[in-house]
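Structure first, commentary second.
The values are calculated or read from the model by the stated rules, or taken from the named source; none is laboratory data. These figures come from a predicted structure and were not determined experimentally. When we count neighbours, we look across all protein chains shown, and the Cβ atoms used for this are built from the backbone with ideal geometry, even at glycine.
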Amino acid sequence: GDSVTQMEGPVTLSEEAFLTINCTYTATGYPSLFWYVQYPGEGLQLLLKATKADDKGSNKGFEATYRKETTSFHLEKGSVQVSDSAVYFCALSGETGNQFYFGTGTSLTVIP
Amino acid sequence: GAGVSQSPSNKVTEKGKDVELRCDPISGHTALYWYRQSLGQGLEFLIYFQGNSAPDKSGLPSDRFSAERTGGSVSTLTIQRTQQEDSAVYLCASSPPPGTSGLYETQYFGPGTRLLVL
């Protein structure tokens, strides 16, 4: 079945460091891919998405490219800030759009 | 505008009791999802409602779990004869109708209900 695997945390970085959170997926057909973020004390919210191969989603300085050849959707940011401290979830939606499959989440802490 | 709301925010119950969790989606959203987030686990899909169509119940872990959505709006997730392994955060999300400014696949999450079964 469809599934998502993302790198385990927690991840601790210094401010202005480069961030990569790996995400790979298994799916039939052509899923849509997402990154959701959960800030402390808040609900999950969509960070970015890509709906077809080679699409790049971007938001708030974060980017992720839908790579069909490597079945990956790695999240990157060139210079993290303390305010980026949160839990990040990779997710996919199958072709029917009915079901979403989430990774286990990666906790990021950015220290000044 | 108002986001997705869930109640109660926290629920402590005894093993064997039934519980009901409520979700109020964003007005006008036709899709509604329930997920379970256990400690150290990702989000586990439970059930999906879309408009007046039959719900997709394929994620419900056992027949002790059921959900309904009345009038295409409010949804209630019921867990009968709760077990300790049911302890988790239960999240609800809603999505606008298909084709709404390309937002079909974006889910808006509620704050969750934290359930503890003693």
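Of the residues making up segment B:45-96, those that are in a strand (DSSP E or B), away from chain A (no Cβ under 14 Å) and among the acidic types (Asp, Glu) number 1.
Going by the conditions given, is B:Leu103 at pLDDT below 95, part of a strand (DSSP E or B) and either of a type in the set (Ser, Thr, Tyr) or in contact with a Pro (Cβ under 6 Å, 6 or more places away or on another chain) (or both)? It is false that B:Leu103 is at pLDDT below 95, part of a strand (DSSP E or B) and either of a type in the set (Ser, Thr, Tyr) or in contact with a Pro (Cβ under 6 Å, 6 or more places away or on another chain) (or both). B:Ser27 meets the stated requirement of being more than 14 Å from chain A (Cβ to nearest Cβ), within 18 Å of B:Gln107 (Cβ to Cβ) and surrounded by fewer than 17 Cβ atoms within 10 Å (Cβ to Cβ). None of A:Phe62, A:Phe34 is away from chain B (no Cβ under 14 Å), out of contact with any helix residue (DSSP H, G or I) (no Cβ under 7 Å at 6 or more places or on another chain), within 21 Å of B:Gln107 (Cβ to Cβ) and aromatic (Phe, Trp, Tyr) except A:Phe62.
Within segment B:34-44, restricting attention to residues that are modelled with pLDDT under 85 and farther than 22 Å from B:Glu14 by Cβ, the residue that is nearest to the other protein chains (Cβ to nearest Cβ) is B:Gly42.
For A:Tyr25, state whether it is closer than 15 Å to B:Leu43 by Cβ, away from chain B (no Cβ under 11 Å) and in a strand (DSSP E or B). When the stated conditions are applied, A:Tyr25 passes them. Among the residues of segment B:41-50, is any of a type in the set (A, V, I, L, M, F, W, C), within 13 Å of B:Leu115 (Cβ to Cβ) and exposed (fewer than 13 other Cβ atoms within 10 Å of the Cβ)? No - not one qualifying residue is present in segment B:41-50.
Residues in segment A:84-112 that are away from chain B (no Cβ under 14 Å) and touching a residue at least 60 places away in the same chain (Cβ under 8 Å): A:Asp84, A:Leu108, A:Thr109, A:Val110, A:Ile111, A:Pro112.
Here A:Gly43 fulfils each of the conditions (1) in a strand (DSSP E or B); (2) surrounded by 16 or more Cβ atoms within 10 Å (Cβ to Cβ) apart from (1). The single condition from (1) more than 13 Å from the chain's Cα centre (by Cα); (2) on the phi < 0 side of the Ramachandran plot; (3) within 14 Å of chain B (Cβ to nearest Cβ) that A:Gln81 fails is (3). If you filter segment B:1-24 down to residues that are surrounded by 13 or more Cβ atoms within 10 Å (Cβ to Cβ) and among the aliphatic types (A, V, I, L, M), you find that the one that is nearest to B:Arg114 (Cα to Cα) is B:Leu21. Looking across segment B:1-44, the residues that are under 20 Å from B:Asp63 (Cα atoms) and not in a strand (DSSP E or B) come down to B:Glu14, B:Lys15, B:Gly16, B:Lys17, B:Asp18, B:Ser38. Residues being in contact with a strand residue (DSSP E or B) (Cβ under 9 Å, 6 or more places away or on another chain) and over 22 Å from B:Thr106 (Cβ atoms) are entirely absent from segment A:96-104.
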